[in-house]
Structures are given as structure tokens and as C-alpha cells.
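Below is one structure; the comments refer to it alone.
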Amino acid sequence: MDKNHLFKTTILIGALGVIVLLLAIFLSLLIYSMPSLKAFGIKFFLGKDWDPVNKTFGALPFLIGTFLTSFLALLFSMPMSLSISILLGEYLREGVISSTLRSLTELLAGIPSVIYGFWGLFVLIPLVRKLEIAIGAPPIGVGIFTASLILTIMIVPYSASLGREVIELVPHDIKEAAYSLGATRYEVIRHIIIPYARSGILAGILLSLGRAMGETMAVTMLIGNSNYIPKSIFSPGNTMASVIANEFTEATEKLHLSSLIEIGLSLLIITTIVGIIGRYIIKKLSVGERSLG
Amino acid sequence: MDNNDKLTLRLFKDKLFKLLIIALAFISVTPLILILIYIAQKGLSVINWEFITNLPKPVGEKGGGILNALVGTIIIVGIASIISIPPGIAAGIYMAEQKESRISSIAKICIEVLQSIPSIVIGIIAYVWIVIPMRGFSALSGGVALAIMMFPLVVRSTEETIKLIPGSLKEAALALGVPYYKAILKIILPAGLSGILTGILVGIARIAGETAPLLFTAFGSPYLSFNIFKPMSSLPLLIFNYATSPYEEWHRIAWGASFVLVIMVLILNIIARVIAKRWKTRF
């Protein structure tokens, strides 16, 4: 075999490796989920009890935990990231503040999640406790609410930089047309930029949602790790990711391990779908831009 | 309301909105800045030479360092790089060279899905693939987990860099009678080196702070270990274990470790950016 042929085969194997890797990941998760899939079927996702001692495994508390924390985080983070992205994308496109804020958000995006969790343990928990005393909730400190707060802080830099990019994509000529008709800056933002960037902002929200759902360490450290359905947003709970992080090394029993892996598989499927829709919207948006220009 | 009043109202709204945006942005950025200051304050007070070169001490004793975790992080990240970089570059070359092929378009979707897999799920995979067959936690399994995370990043940066290099460069080489494999390895890859290197460094910065995939693979260990078939500590694992412990002395060590880790990630990102700027792939 000559060297050209060898080289071409090597890079082909590399590319096939990408596909095989993903298939192998899905298949392995599926195979190891089998015992739990067979034992519980669809009831796995409707069951309220997660009881390793009695070998009953229902994932509903964790599904609720994941959706509750990530949607709350999204809700809290939206005004924050939207205001930063409007400020950076429209008011302060250049200058010292803009570039400082930009490097700051990049720096924050690089901080490992375990450090956010650590910070949350020592700063957020006492604050939440004070709040809980003030409103008359039991002052546990940890719980769904605290986990949502840390997720909010973690996704703001990411969604703000996505939002800024989308806002910068709005073509100048339509903004200038509005200005020339006498519109104020607020009116341009409200009636031109936001409607134009709407789908991009939606995509940013979906991508942030995918991140929040898969986030493990910070949430595990702050959510309180309770396997019951949370009664309020201040009660402790568990997300799909955090229950895996907590119980995986202790799961000596086959059905327990298999149930945890099935949760992992479901988490993978959910984040994949959310991520693909988000990226599809962004791709469509940027391609549309180019063809317009 | 006459026209003048209307105009005043509109201008007022404009000012109000601007103030509101600035205020909101300021409020949102403040906690982020506070986190950075907090880490720096807590971390700097702990760090000294002993902290970097000593092993952790048992509970109750003062002092101790993070040498085992530092060495562990370097070894595990090293394993991940060795496993993920060569196949990543190969796949990237194929996808850039055979843009139209069906394999490339499928691989492209797969890369996107791989990138969005939650890190804890990758931990499960490495557990199933390495820990179960080898009957025990090991640094190797941690390295494999991180390699799965790094692999799509390497493929992506290689593919994107090579696509930027104009076809004329390769055609010129081929026209001179250079065999295809040499044209790629000796002309195209060196031309795109800075882009690929940047991607690799960003990838390393990303995986160096990962904790979740290591929880049930590398597992952690209080001893200095070089054996990749045995459990090994790493900075993020040490931070997690010490942060959630009830001992104040361990919290101090965890803050120091956090600061070291943040600085490491920061330096990697800065080097990546310098390389990208200085030796930019320009054509």
C-alpha cells in the first residue's frame, strides 16, 4: 500500500471515528440502561419514589428538579443577560468599558463549575438563609432556589455574549433608516433590533438551557440532595445530573446503577434535542444574513 | 397633548431606557466581579511555595499542599491530550478535505452532539468502558473521559483552520509533483498550525477544570501517584472533596487550589489568544 493511500485511509478512519464514538456512547448507555428499562418501562419517568433499599426507582423528582432549576435560572438570567447584551451590542460597541466587560465575561466563562459551587457554599447559602428567615421559610440555605441562583450566575456570561453577537448581526441600513425617520434609540431597539434579533435571542436561550440542564458540580453542592419531589422552590431537591454525581459510586446494586445510567441517557437525549434546535436556529440566522449582505 | 409634549415624552423614554439598561447591566455584572475578587482574596492568602510542593496533611494538622492534585491534573490532562489530539486532527483533515462527502456531513452533526453531552454523562461512559473492565478507578479512565470531551474541540478547530487555507496552496504543491500526503502534512498542516494549536490549548483549558467526569473515574487519592492504573487526584476533585468537608483548614486549601486552577485556565487561554493573534493564519 503506498503512502498516499495509507494517509487517506488514516484520515478516513479519523472521520469515521467521530461517528462511531457517538454511536458507541449511545449504545453503551442503552445497553447498561436495559435492566432498568425492562424493570420499569415508561413508569420510570412517572414514579415518585427513588428508594435504593427497596429497589424502586422513579425518576420524576429529578426530572422536576432539572426543569425547575434550569427554567428558574433562565427566568432570572434573562433580564440580566439581555441588558448586558443590549449595552455591549448597541450602546457601547467600542471603548474601554466594552472590552473590559468582554474579557470579564470570557474569564468568567472559563471558571470551573466546582469553584462556583464552592463560592455558593460560603457566600450564597448564608444570603439565602437570611432571605428564608425574612419570608418565613425554613432556613436550610441549600435547595432548588440556591441552585437556580448559581446557575443564573453561571449562564449570564454565556448567554450575554451570544446575545451581543446576535444584536451585532442586525444590519446597519435598517437601523439607520429608522433613525432617519426620527426614531429615538429606544424606539430603534424596541421596534427594530429586538424583533430582528428575536430568533437569535431564542436560540441563545435554548443553548443556555441546554447548559443549565447538564450542569453538575455547582448544582450538586447547593441543591441539598433530597430524593423527594420539592414542595416549594426553597425545598432541597436533586437534578438528573446531581443524583448521578451523588449516588453513582455508591450504586453497587445492578438495578440502581442501571437506573442511574438511564437517567444519564435521558439527560443526554434532552440536552441534545435542545442543543440541536438552538444551533439550527443560529445557523439559519447567520446564513440568512450572509445571503442578504 | 401637542407635538412638543409628545417629543419630550419620547426623549424621556429614551433616556429612561438607557439608564435602566446601564443600571441592570451594572447589577448583573457586580456579583460576577465579586466572585473573582473573593477567589483572589481567599486564594492569595494561602498560596506559597510550600503549598505547591507539599502533600496534603491529615485532618487536624496545619499546613499541607496540593502537589498530588497538581501532578494528577497534569498527568490526566496529558493522557487526554495524547488520546484525543492525533485522531482529532486526522478527522479534522478529512472533514476539511472532503467537504462534500456524506461522511463529513454526518460527522459534522455528530461533533455538535458530542459537544453538547453533559460532562457527567461522559463520566458514566468512561466508567462503563474502562473502570468496569479494569475493575477499579484509575487515572487512565479519567484521561479517557476528558479525551472524549476534548476530541470534538480538536476536530472542529482543525477543520475550520484548514478550510481557511486557500486551495491554491495545495494545488501549487500538487502541481510540483508533491504527493498528496506530503502536501497536507508538510504544507497545509504547518500553514494552519497556529489555528490548530489555539484549538488544542482552549480544549485543554476547558477540560482542566472538569470535575464531574472524574468523580467515578480518576476518583481522587491523597497520595502522590504516577501510576495511571490507580486512582489519582486532580485539582477540581481536590477542591470538591475539601470544599464539602467540614474542616476549616481544608477549606483554606481548597481556596488555594481554586486560585491555582483559575490562574492555570487563564494562562492557557491567554497563550491561546496570543498564538492566534501573533501567528494568525492569514491568506
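The values are calculated or read from the model by the stated rules, or taken from the named source; none is laboratory data. None of these values were measured; they are calculated from a predicted model. Note: ideal-geometry Cβ built from the backbone for every residue, glycine included; neighbour counts use all protein chains shown.
The table below gives the values:
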{"item": "Cβ-Cβ under 8 Å pairs, at least 6 apart or on other chains, segment B:6-20 side under 15 Å from residue A:182 (Cα atoms), far side surrounded by fewer than 12 Cβ atoms within 10 Å (Cβ to Cβ) and acidic (Asp, Glu)", "result": "none"}
{"item": "Residue tally, condition out of contact with any Leu (no Cβ under 9 Å at 6 or more places or on another chain), in a helix (DSSP H, G or I), farther than 28 Å from residue B:264 by Cα and not hydroxyl-bearing (Ser, Thr, Tyr), over segment A:91-146", "result": "8"}
{"item": "Residue match in segment A:144-167 (condition: surrounded by 23 or more Cβ atoms within 10 Å (Cβ to Cβ) and either on the phi > 0 side of the Ramachandran plot or in contact with a strand residue (DSSP E or B) (Cβ under 7 Å, 6 or more places away or on another chain) (or both))", "result": "yes"}
{"item": "Residue that is among the hydrophobic types (A, V, I, L, M, F, W, C) and not in a helix (DSSP H, G or I), where the choices are A:234, A:248", "result": "A:234"}
{"item": "Qualifying positions in segment B:1-42 - under 25 Å from residue A:191 (Cβ atoms), among the β-branched types (Val, Ile, Thr) and more than 8 Å from chain A (Cβ to nearest Cβ)", "result": "B:8"}
{"item": "Count - residues of segment B:81-106 that are touching a residue at least 40 places away in the same chain (Cβ under 8 Å), in contact with a Phe, Trp or Tyr (Cβ under 9 Å, 6 or more places away or on another chain) and either surrounded by fewer than 19 Cβ atoms within 10 Å (Cβ to Cβ) or more than 12 Å from chain A (Cβ to nearest Cβ) (or both)", "result": "1"}
{"item": "Residue in segment A:18-59 that is nearest to the other protein chains (Cβ to nearest Cβ), counting only those that are under 28 Å from residue B:145 (Cα atoms) and assigned to a loop (DSSP other than H, G, I, E, B)", "result": "A:59"}
{"item": "Total residues in segment A:246-264, condition facing chain B (nearest Cβ under 8 Å) and within 17 Å of the chain's Cα centre (by Cα)", "result": "1"}
{"item": "Number of the exception - residue A:50 against (1) touching a residue at least 60 places away in the same chain (Cβ under 8 Å); (2) under 19 Å from the mean Cα position of the chain (by Cα)", "result": "(2)"}
{"item": "Residue among B:27, B:39, B:35 that alone is closer than 24 Å to residue A:158 by Cα and more than 26 Å from the chain's Cα centre (by Cα)", "result": "B:27"}
{"item": "Residue that is surrounded by 24 or more Cβ atoms within 10 Å (Cβ to Cβ) and touching a helix residue (DSSP H, G or I) at 6+ places or on another chain (Cβ under 9 Å), where the choices are B:212, B:276", "result": "B:212"}
{"item": "Lone qualifier among B:219, B:229 - being touching a strand residue (DSSP E or B) at 6+ places or on another chain (Cβ under 9 Å) and in contact (Cβ under 8 Å) with a residue 12 or more places away in the chain", "result": "B:219"}
{"item": "Residue check, residue B:239 surrounded by fewer than 21 Cβ atoms within 10 Å (Cβ to Cβ), without any contact (Cβ under 8 Å) to a residue 60 or more places away in the chain, on the phi < 0 side of the Ramachandran plot and within 11 Å of another protein chain (Cβ to nearest Cβ)", "result": "no"}
{"item": "Hits in segment B:108-135 - residues which are under 15 Å from residue A:24 (Cβ atoms) and of a type outside the set (A, V, I, L, M)", "result": "B:110, B:127, B:129, B:133"}
{"item": "Odd one out for residue A:224 among (1) within 11 Å of chain B (Cβ to nearest Cβ); (2) in contact (Cβ under 8 Å) with a residue 24 or more places away in the chain", "result": "(1)"}
{"item": "Lone unmet requirement of (1) away from chain B (no Cβ under 14 Å); (2) under 22 Å from the mean Cα position of the chain (by Cα) for residue A:104", "result": "(1)"}
{"item": "Yes/no for residue B:133 being free of Cβ contacts under 8 Å to residues at least 60 places away in the same chain, assigned by TED's automatic domain parsing to the domain that holds residue B:108 and part of a helix (DSSP H, G or I)", "result": "yes"}
{"item": "All helices (runs of 4 or more DSSP H) inside segment A:147-218 with 1 or more residues being away from chain B (no Cβ under 12 Å) and free of Cβ contacts under 8 Å to residues at least 40 places away in the same chain", "result": "A:172-180, A:194-214"}
{"item": "Meets criteria (farther than 30 Å from residue A:189 by Cα and in contact with a helix residue (DSSP H, G or I) (Cβ under 7 Å, 6 or more places away or on another chain)) for residue A:125", "result": "yes"}
{"item": "Failed item in (1) touching a residue at least 12 places away in the same chain (Cβ under 8 Å); (2) touching a Leu at 6+ places or on another chain (Cβ under 8 Å), with residue B:163 passing the rest", "result": "(2)"}
{"item": "Helices (runs of 4 or more DSSP H) contained in segment B:170-283 and holding at least 2 residues modelled with pLDDT under 95 and among the basic types (Lys, Arg)", "result": "B:248-278"}
{"item": "Residue count for segment B:32-58, restricted to those that are of a type in the set (S, T, N, Q), more than 20 Å from residue A:114 (Cα to Cα) and in a helix (DSSP H, G or I)", "result": "1"}
